[in-house]
1. Tally up the residues in the range 122-134 that are in contact with an Asp or Glu (Cβ under 9 Å, 6 or more places away or on another chain) and closer than 18 Å to G148 by Cα, please.
2. How many of the residues making up the range 118-155 are among the aliphatic types (A, V, I, L, M), modelled with pLDDT of 80 or more and under 26 Å from L16 (Cα atoms)?
3. If I50 meets every condition in (1) without any contact (Cβ under 8 Å) to a residue 24 or more places away in the chain; (2) closer than 27 Å to L85 by Cβ apart from one, which number is that one?
4. If I ask for residues that are in contact with a Lys or Arg (Cβ under 9 Å, 6 or more places away or on another chain) and under 24 Å from I32 (Cβ atoms), which ones from the range 157-169 would you list?
5. Anything in the range 60-88 that is crowded, with 21+ Cβ neighbours inside 10 Å and modelled with pLDDT under 95? List them, or say none.
6. Look through the range 89-107, keep the residues that are farther than 30 Å from P20 by Cβ and surrounded by 12 or more Cβ atoms within 10 Å (Cβ to Cβ), and return whichever of them is modelled with the lowest pLDDT.
7. Could you please give the count of residues in the range 158-178 that are in a loop (DSSP other than H, G, I, E, B) and either within 9 Å of I140 (Cα to Cα) or of a type in the set (G, A, S) (or both)?
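The values are calculated or read from the model by the stated rules, or taken from the named source; none is laboratory data. Source: prediction; values computed, not measured. Glycine gets a Cβ as well: all are built from the backbone with ideal geometry, and neighbour counts include every protein chain shown.
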Amino acid sequence: MTAMDDYKRNLNKIILTYRPRNILELGVEAGISTEVFLSHSEIKVTSIDIMDCPAAKGKVLALKANDRWKFLIGDVADLVPKFQLHSFDMVFMDITYYDATGGMGSKGNYEHEFKCLSRDLKRCFNLLPTRGVLVANDYIRQVGERAGHRAAINDFAIELGQPFTVFPSRGGMAVFIK
């Protein structure tokens, strides 16, 4: 089994365990998670990415799921505050934060990554109803990679006073229940 197969299997496990019907997906890129979500006919997905994601669009088209997918191009910091409370029962966060000084090449800036993810974890958790699910991807990475993600997730758990579950596949997914 490849790391990608394991990733998809764990996403399906999360879906089958928590039974979300309306998912907010932050970070789309190739559409791997989008494809897994929309392979479940009862799920609707709203996805946000900073850039166009043609690979994801192709996967949605192949699944014939256009009527269950809304794709928005923009910054999560600008778009997430516009959503109504309790409009999603799951938020899936797979965001790469780039700082303004280095554009795409500045990925991995610890302080910038930590600050942005800390902000977005709180905003997204507040969108959820009771029993809503927040999934933050990339909790487990090689030393140095995504260190800001891990620290922000750990601090968020401490602030909530709540443990979280980690699905240890392809970067690791930290799962919080509201």
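1. Residues that pass the stated criteria total 1.
2. Residues that pass the stated criteria total 8.
3. Going through the list (1) without any contact (Cβ under 8 Å) to a residue 24 or more places away in the chain; (2) closer than 27 Å to L85 by Cβ, I50 breaks only (1).
4. Listed by number, the residues that qualify are F167, S169.
5. Scanning the range 60-88 gives a single hit, V76.
6. Restricting to residues being farther than 30 Å from P20 by Cβ and surrounded by 12 or more Cβ atoms within 10 Å (Cβ to Cβ), the top hit is S106.
7. 6
A quick yes/no check of all residues on (1) in contact with a Ser or Thr (Cβ under 8 Å, 6 or more places away or on another chain); (2) more than 20 Å from L24 (Cα to Cα); (3) hydrophobic (A, V, I, L, M, F, W, C):
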{"site": "D120", "(1), (2), (3)": "no, no, no"}
{"site": "C124", "(1), (2), (3)": "no, no, yes"}
{"site": "T130", "(1), (2), (3)": "no, no, no"}
{"site": "A151", "(1), (2), (3)": "no, yes, yes"}
{"site": "D155", "(1), (2), (3)": "yes, yes, no"}
{"site": "I158", "(1), (2), (3)": "no, yes, yes"}
{"site": "V166", "(1), (2), (3)": "no, no, yes"}
{"site": "M173", "(1), (2), (3)": "no, no, yes"}
{"site": "K178", "(1), (2), (3)": "yes, no, no"}
